[in-house]
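Read the structure below first, then the notes.
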Amino acid sequence: MCGRYAITLPDDAMVQLFSAAPANNLPDVPNYNVCPTTDIHVVTGDAEFGRRLVSMRWGFVPEWYKTPTDGPLLINARSETIAQKPAFRNACRTRRCLIPVSGFYEWTKDSDGTRWPWYIHADQTLALAGVWQRWGSEDNQLSSCAVVTTGANETVSQVHHRMPVVIDEADWGLWLGEQGHGAATLMKAADEELLSFHQVDRAVNSNRASGAQLIEVYE
């Protein structure tokens, strides 16, 4: 799964990178400990209005929920079942998005059961595949999203058996629905050489932790 990440790129740099018009309520950056249920940066595409950089709740709220907490917290959508799951099947056809991240965290356990965090990253900002949903009435509407995951490649599987789907820049338009059909072919593990990882301090185990030291190599 993908349950925590970091984003360090400034808003204006995200706007330029994704050629997207920014909303006026974007979350604060940098954030080295982005947690579920918080508002995150999301890039959407629209045939008429173009790309937008907007804020959405991380935790997909299906349209039949009576409240945002009416059922399980859906922070991830499995690529293998996304087209069949009632919560995600419409979104995966018509409401796909990109979620910019600088890197993401996963955990392993040692022989004593202690959870050790690892920071997985690349040399550039990553665009994770996501799906999104509008929920509620027009005067009280909530936009929410989930990260699409797949089986880990050999590199990431040293830490965790699953990983978020990373969309290459050349395929951003296809994932956002700007280039016709075929987005399903993008739901695969990243190339082995893209990502690297290192162990970080256990401070990030707390969702209240903050600061650049969270992604530094643990010594």
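The values are calculated or read from the model by the stated rules, or taken from the named source; none is laboratory data. Computed from a predicted structure; not experimentally measured. Cβ coordinates were reconstructed from backbone atoms using ideal geometry, including for glycine residues, and neighbour counts include every protein chain displayed. Just so you know, the surface numbers come from the protein's heavy atoms only, side chains and all, with ligands and any DNA or RNA stripped out. Shrake-Rupley method; radii C 1.70, N 1.55, O 1.52, S 1.80 Å.
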*Highest to lowest packing among 39-48, 14-23, scored as the average C-beta count within 10 Å*: 39-48, 14-23
*Over the chain, with every protein chain in place, what whole percent of the accessible area is carbon and sulfur at 1.4 Å, could you tell me?*
46
*Protection-proxy order for peptides 28-35, 129-136, each taking the mean of Cβ atoms within 10 Å per residue, highest first*: 129-136, 28-35
*asked:* Under 5 Å between amide hydrogens, which residues at least 5 positions from Trp116 or on another chain qualify, with H placed 1.01 Å from N in the peptide plane?
replied: Thr108, Lys109, Asp110
_Listed residues Ser206, Leu194, Tyr119: farthest to the positive end of the dipole of the chain (Cβ charges)_ = Ser206
*Tell me which residues come under 5 Å, amide H to amide H, from Thr149 once H is placed; ignore anything under 5 positions away on its chain.*
Ala77, Arg78, Ser79, Val165
*Which value, in Å², gives the accessible area per residue of the chain when a 1.4 Å probe is used on the protein heavy atoms?*
51
*Mind putting a number on the dipole of the chain about its Cα centre? Charges go on the C-beta only, +1 for Lys and Arg and -1 for Asp and Glu, and I need it in Debye to the nearest 20.*
860
*Residues with amide H under 5 Å of Leu74's amide H, sequence separation 5 or more or different chain, H placed in the peptide plane at 1.01 Å from N; which?*
Phe60
*Which whole-number percentage describes the relative contact order of the chain, with Cα contacts under 8 Å and a sequence gap of 6 or more?*
21
